[in-house]
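The values are calculated or read from the model by the stated rules, or taken from the named source; none is laboratory data. Remember, predicted model here, so these are calculated numbers, not experimental data. So basically every Cβ, Gly included, is an ideal-geometry build from the backbone, and we count neighbours across all protein chains shown.
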Amino acid sequence: MALSSVIHKDTRELRIHESLDELSTDLADYIAELSESCVKERGFFCIALSGGSLVGLLRKICEAPYNKTVDWARWHFFWADERVVSKNHPDSNYKLAKDGILFKVPVIPSHVHSMNDAVSAEAAANEYEFTIRQLVRTRVIDVSEISDCPKFDLVLLGMGPHGHVASLFPDHDALNEKDEWVTFLTDSPNPPPERITFTLPVINSASHVALVVTGENKAEAVKSVMNGAGTDCPSLPAQMVRPTSGKLVWFLDSAAASQLDVSSSS
Ligand SMILES: O=C(O)[C@H](O)[C@@H](O)[C@H](O)[C@H](O)COP(=O)(O)O
């Protein structure tokens with residue numbers, strides 16, 4: 001598989017691909033390797049998904065050889081964010097993952113930790129945090145040595161054209177949430193207005209975070225994030241994603257990377 005270029009920007013790794021097919025294969029390789037090492041080390045692989053184009057780019061991990069070689073029975077699925085709609089609604093991130101991934105590979109139904117769609121956003125957020133707390137207590141989910149936050153093995157995020165990640169939008173109060181692991185919003189600038197989301201402390205406590213960003217309309221935000229200094233940048237939530245002790249990888253296509261200076265590529 002031809003990896004177009006790998007760039008290191010301080011602690012971030014950028015993997016830039018000429019085609020979406022290459023990107024999807026590299027993403028599958030990356031996740032399969034991570035799953036293997038986490039299962040060997042801890043017996044589980046805890047992965048949190050977001051919505052959007054990311055899910056389509058996970059298609060290769062559902063195909064040969066990964067559909068047979070990955071130890072799916074050890075996977076636990078979570079959502080980094082969810083829209084407050086019923087699970088069979090076209091806007092549901094659970095439905096997106098169910099149709100795009102969960103139907104295609106041998107997952108264990110009790111390992112699929114989706115959010116409750118039958119209660120209010122607030123109740124569903126509280127319930128989800130409670131579920132995560134139980135799984136931290138039993139060490140299905142690892143715990144951060146630095147905070148008492150859950151340490152997901154992998155949090156997969158997309159990024160909106162204005163730099164939002166999960167359901168953390170530019171200049172929104174949810175970016176300031178330091179105590180809760182899961183929060184909710186009723187005024188999302190993108191429809192639907194009600195959403196549930198991991199908070200930044202949880203995202204930044206993960207042992208691996210991958211941002212999967214494609215398309216020309218993301219190029220400017222990608223450039224701003226890469227050139228921005230510091231993480232105190234509520235106008236650009238993606239810049240606030242900097243795992244405390246974990247690894248951060250950006251999977252980009254050449255359109256999303258088109259405004260970057262790639263002269264330092266290796
Ligand atoms: O439910 C959501 O809205 C998503 O989790 C959101 O954070 C998404 O990942 C970005 O908006 C990027 O989406 P695209 O890749 O489709 O642009």
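Among residues of segment 158-182 that are in contact (Cβ under 8 Å) with a residue 40 or more places away in the chain and under 25 Å from residue 120 (Cβ atoms), those with a beta-carbon under 7 Å from a residue that is among the aromatic types (Phe, Trp, Tyr) and away from the ligand (no atom under 12 Å from the Cβ) at least six positions away or on a different chain give the pairs 182/128.
The set of residues in segment 235-264 that are buried (at least 17 other Cβ atoms within 10 Å of the Cβ) and either in contact with a Pro (Cβ under 8 Å, 6 or more places away or on another chain) or at positive phi (or both) comprises 236, 237, 240. Among the residues of segment 42-84, what is the count of those that are within 16 Å of the ligand (Cβ to nearest atom) and either part of a loop (DSSP other than H, G, I, E, B) or not charged (D, E, K, R) (or both)? So the answer is 17.
When you check residue 94 against the structure, is it within 12 Å of the ligand (Cβ to nearest atom) and outside any loop (DSSP other than H, G, I, E, B), yes or no? Criteria met by residue 94. If the condition is being among the hydrophobic types (A, V, I, L, M, F, W, C) and either within 12 Å of the ligand (Cβ to nearest atom) or in contact (Cβ under 8 Å) with a residue 60 or more places away in the chain (or both), then segment 209-232 contributes 210, 211, 212, 213, 221, 222, 225, 226.
For segment 239-256, how many residues meet the condition of being farther than 21 Å from residue 34 by Cα and either at pLDDT below 95 or out of contact with any Leu (no Cβ under 7 Å at 6 or more places or on another chain) (or both)? Of the residues in segment 239-256, 4 are farther than 21 Å from residue 34 by Cα and either at pLDDT below 95 or out of contact with any Leu (no Cβ under 7 Å at 6 or more places or on another chain) (or both). Out of curiosity, is residue 171 farther than 25 Å from residue 119 by Cα, assigned to a loop (DSSP other than H, G, I, E, B) and at pLDDT below 95? Against the criterion (farther than 25 Å from residue 119 by Cα, assigned to a loop (DSSP other than H, G, I, E, B) and at pLDDT below 95), residue 171 does not qualify.
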